[in-house]
Amino acid sequence: MKEKLMVLFGGRSSEHEISCKSAVTVISSADPERYELVLVGITKEGRWLLAEDLRAIEDGSWRDSKKSFMLSADTSVHGGYVLEDGKISEYVYIDVIFPVLHGLYGEDGTVQGLFELSGIPYAGSGVFASAAAMDKVYTKVIVDTLGIRQADYAAVHRTELKHIEEVDERIEAKLSYPMFVKPSCAGSSVGVSKAENRKELEKALYNAAIHDSKILVEETIVGREIECAILGGEEVEASGTGEIIAAADFYDYDAKYNNSESVTDTHPALPEGVEEEIRTDAVRIFKALGCYGLARVDFFLDKRGVVFNEINTLPGFTGISMYPMLWEDRGVDKKRLVQILIDLSKEHREH
Ligand SMILES: Nc1ncnc2c1ncn2[C@@H]1O[C@H](COP(=O)(O)OP(=O)(O)O)[C@@H](O)[C@H]1O
Ligand SMILES: [Mg+2]
């Protein structure tokens, strides 16, 4: 008998559209001989809808689905219910869940909490690692303990912006312009801006505060952007490295997803020892945060060397995404990759 694989996509975050594209890759890579798919899309408003098939995800028509899906937190249910006109029309047992959600409410531990309650195995990191890795300020604090270099930073809380001059002064005493300002929890460069002076800093802080109450301000690292993919459970493996060559001043949302001039290179020429250092650091960071299954760990390489930037516990799986490309390069095609992640999920329990 085929196993029921629930693929969850879309979501309430700013990365909703990317998640839908990532889901298409994951769904197309799941072995049809082994899995019967239950496709559940979460709208931007947070409704859970049952998608008919892959086509409905590709053309977006799943958003008009008349069937909604309710995942049960009750372990004896081990699945959920399809609702039509508000009435239960079907019970669906689920063997395993693959959340292909990026950003808030998907990559941040919230939905993982529901999976934990349900008792259904799920791909990827658990509650704590997801939450910690989503939060750039907390990630910084944890990575500081490893002695791995990161951009110098200052953390600001939204409530502090009432006394903006004090904030300006505190930041300027620590960092010099240009600075990068980011919401602590966000993704896909949403709310990220570069500030060249105090006026821009204030604008950037207010802008970041729209997306999160915690804001991270960093020194600017002038260098290359190198990424590394991690795969595994108890034993983890690091891929080779890939380079992002952004078509814009920095790798903003547009450069990431709309600008075909942005290039990803899975064989970047790097100075001696740099690839090994990145691979080792990536594994140490993955483990320190308690990640599981998969993550993409992002670094800069500047004149002084390797600098950690951020970690993504549910990295993009779109046709142009680095994570699956890096594994493909190591002989692990997307079909195998998805299979490994599903297999790993069954060995994993948070508690
Ligand atoms: N400290 C920094 N110095 C230079 N560029 C940065 C810095 N922080 C971020 N960037 C640029 O902004 C992009 C988005 O920032 P990042 O921290 O990766 O956030 P996100 O989670 O939105 O991807 C990076 O890919 C990089 O191009
Ligand atoms: Mg990034």
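The values are calculated or read from the model by the stated rules, or taken from the named source; none is laboratory data. Fair warning: this is a prediction, and the values are worked out from it, not measured in the lab. A quick note on method: Cβ atoms are made from the backbone with ideal geometry, for glycine too, and the neighbour counts reach across all protein chains shown. For the accessible areas, the whole protein counts, side chains as well, though only heavy atoms, and no ligand, DNA or RNA atoms are used. Shrake-Rupley method; radii C 1.70, N 1.55, O 1.52, S 1.80 Å.
Scanning the stretch 69-78 for any residue that is among the aliphatic types (A, V, I, L, M), under 20 Å from the mean Cα position of the chain (by Cα) and outside the structural domain of Leu341 (by TED's automatic domain parsing) turns up nothing.
So, in the stretch 231-280, how many residues would count as being farther than 19 Å from Gly316 by Cα, within 16 Å of ligand 2 (Cβ to nearest atom) and open to solvent by less than 30 Å² (accessible area, probe 1.4 Å)? Residues flagged as farther than 19 Å from Gly316 by Cα, within 16 Å of ligand 2 (Cβ to nearest atom) and open to solvent by less than 30 Å² (accessible area, probe 1.4 Å) within the stretch 231-280 amount to 1. Residues in the stretch 291-311 that are more than 26 Å from Asp152 (Cβ to Cβ) and within 16 Å of ligand 2 (Cβ to nearest atom): Leu294 only.
Scanning the stretch 185-200 for residues that are open to solvent by 30 Å² or more (accessible area, probe 1.4 Å) and away from ligand 2 (no atom under 16 Å from the Cβ) turns up Glu196, Asn197, Arg198, Lys199, Glu200.
Is it the case, given these coordinates, that Leu314 is of a type outside the set (Gly, Ala, Ser), at pLDDT 95 or above, within 16 Å of ligand 2 (Cβ to nearest atom) and farther than 22 Å from Val181 by Cβ?
Here the answer is yes, as Leu314 does meet what is asked.
Just one of Glu243, Glu225, Glu237, Glu202 is within 19 Å of Lys256 (Cβ to Cβ), charged (D, E, K, R) and more than 10 Å from ligand 1 (Cβ to nearest atom); which is it? Lay out the reasoning, then the answer.
Details: Glu225 fails: more than 10 Å from ligand 1 (Cβ to nearest atom); Glu237 fails: within 19 Å of Lys256 (Cβ to Cβ); Glu202 fails: within 19 Å of Lys256 (Cβ to Cβ).
One residue alone meets the criteria, Glu243.
The residues of the stretch 86-120 that are at pLDDT below 95 and more than 28 Å from Thr318 (Cα to Cα) amount to a single one, Gly86. Where strands (runs of 3 or more DSSP E) fall entirely within the stretch 247-348, those with at least 2 residues that are small (Gly, Ala, Ser) and either away from ligand 1 (no atom under 16 Å from the Cβ) or under 13 Å from Gly232 (Cα atoms) (or both) are at 293-302.
Considering the stretch 208-227, and only residues there that are outside any loop (DSSP other than H, G, I, E, B) and more than 15 Å from ligand 2 (Cβ to nearest atom), the residue that is surrounded by the fewest Cβ atoms within 10 Å (Cβ to Cβ) turns out to be Ile210. Is it true that some residue in the stretch 253-271 is without any contact (Cβ under 8 Å) to a residue 40 or more places away in the chain and of a type in the set (Ser, Thr, Tyr)? Taking every residue of the stretch 253-271 in turn, at least one turns out to be without any contact (Cβ under 8 Å) to a residue 40 or more places away in the chain and of a type in the set (Ser, Thr, Tyr). Does the stretch 228-235 contain any residue that is closer than 21 Å to Met134 by Cα and either assigned to a loop (DSSP other than H, G, I, E, B) or not assigned by TED's automatic domain parsing to the domain that holds Val143 (or both)? Yes, some residue in the stretch 228-235 is closer than 21 Å to Met134 by Cα and either assigned to a loop (DSSP other than H, G, I, E, B) or not assigned by TED's automatic domain parsing to the domain that holds Val143 (or both). Between Ile42, Ile27, the distinction of being within 24 Å of Asp343 (Cβ to Cβ) and open to solvent by less than 20 Å² (accessible area, probe 1.4 Å) belongs to Ile27 only.
Tallying residues that are open to solvent by 20 Å² or more (accessible area, probe 1.4 Å) and at pLDDT below 95 within the stretch 317-351 yields 8. Per the conditions (1) among the hydrophobic types (A, V, I, L, M, F, W, C); (2) within 29 Å of Gly147 (Cα to Cα); (3) more than 20 Å from the chain's Cα centre (by Cα); (4) more than 16 Å from ligand 2 (Cβ to nearest atom), the sole criterion not satisfied by Ala288 is (3).
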